[in-house]
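All remarks here apply to the structure that follows.
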Amino acid sequence: MPNGISTIRDFYKVAQDRDFARKNQLRVLSINSGAGLTVDFTTDDLVYVKAAKLPSRKITTSAATYMGLKFNIPGNVEYEGSEAYEVTFFADQKFELWDKFQEWTRQVFDDESSTGNYFTPKASATITLLVLDNELNPVKKINLIGTVCLNVGELEYTIDDAGTIQEFPVTFSYHFWTDENL
């Protein structure tokens with residue numbers, strides 16, 4: 001790199017060494033509703049995951065202003081989007097997966113009996129994400145800790161559709177996440 005400026009050859013050299021992450025290389029390894037709840041998900045359920053995102057994490061700042069100049073002082077961590085983390089699923093024809101998520105929300109709070117397990121989500125309530133390489137080997141594992149199912153999205157029907165596969169979003173919340181390189 002002459003003078004710190006990258007060339008096409010530099011880019012190509014690094015690209016060969018590191019390759020590129022692909023958008024289709026994320027999988028949901030497991031979803032656990034946690035202690036106190038009885039909803040279980042299998043690998044058959046999780047193969048229906050269509051889309052998810054890696055979560056974000058940021059350090060907050062406080063401004064210390066002196067003579068009009070702001071000095072940004074780092075503070076604690078904030079898990080942006082942890083209050084509404086969305087995963088998109090394909091809907092199976094018998095509604096087995098959709099029903100599981102509906103049951104999770106009813107176990108959290110049942111409006112028929114006005115009771116539920118709306119306690120602070122336990123550390124055992126997790127979603128585990130895997131990022132894969134080109135050979136489907138895991139390269140990064142991310143655990144969302146303290147998850148709860150908040151919302152099961154709508155399924156829209158119309159008679160004039162040509163047979164599009166149904167999809168539905170599920171919105172979770174979580175406390176924080178951890179990661180590890182594999």
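Numerical summary
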quantity: Residues satisfying the stated conditions in the stretch 123-147, i.e. out of contact with any Leu (no Cβ under 9 Å at 6 or more places or on another chain) and closer than 22 Å to Glu83 by Cβ; calculated: Ala123, Ser124, Ile145, Gly146, Thr147
quantity: Residues satisfying the stated conditions in the stretch 134-180, i.e. in a loop (DSSP other than H, G, I, E, B) and farther than 20 Å from Thr88 by Cβ; calculated: Asn134, Glu135, Leu136, Asn137, Gly146, Ile159, Asp160, Ala162, His175
quantity: Single residue of the stretch 54-80 satisfying the filter (free of Cβ contacts under 8 Å to residues at least 24 places away in the same chain and assigned to a loop (DSSP other than H, G, I, E, B)) that is most open to solvent (accessible area, probe 1.4 Å); calculated: Met67
quantity: Residue that is most open to solvent (accessible area, probe 1.4 Å) [pool: residues in the stretch 24-53 that are small (Gly, Ala, Ser) and in a strand (DSSP E or B)]; calculated: Ala51
quantity: Some residue of the stretch 129-139 being closer than 19 Å to Asp45 by Cβ, at pLDDT 95 or above, touching a Ser or Thr at 6+ places or on another chain (Cβ under 8 Å) and open to solvent by less than 30 Å² (accessible area, probe 1.4 Å); calculated: no
quantity: Members of the stretch 81-95 that are touching a residue at least 40 places away in the same chain (Cβ under 8 Å) and either in contact with a His (Cβ under 9 Å, 6 or more places away or on another chain) or surrounded by 13 or more Cβ atoms within 10 Å (Cβ to Cβ) (or both); calculated: Ser82, Tyr85, Glu86, Val87, Thr88, Phe89, Phe90, Ala91, Asp92
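The values are calculated or read from the model by the stated rules, or taken from the named source; none is laboratory data. Keep in mind the model is a prediction, meaning the values are calculated, not measured. All Cβ positions, glycine included, derive from the backbone under ideal geometry; neighbour counts span all protein chains shown. What goes into the accessible areas is simple: the full protein's heavy atoms, side chains included, and nothing from ligands, DNA or RNA. Shrake-Rupley method; radii C 1.70, N 1.55, O 1.52, S 1.80 Å.
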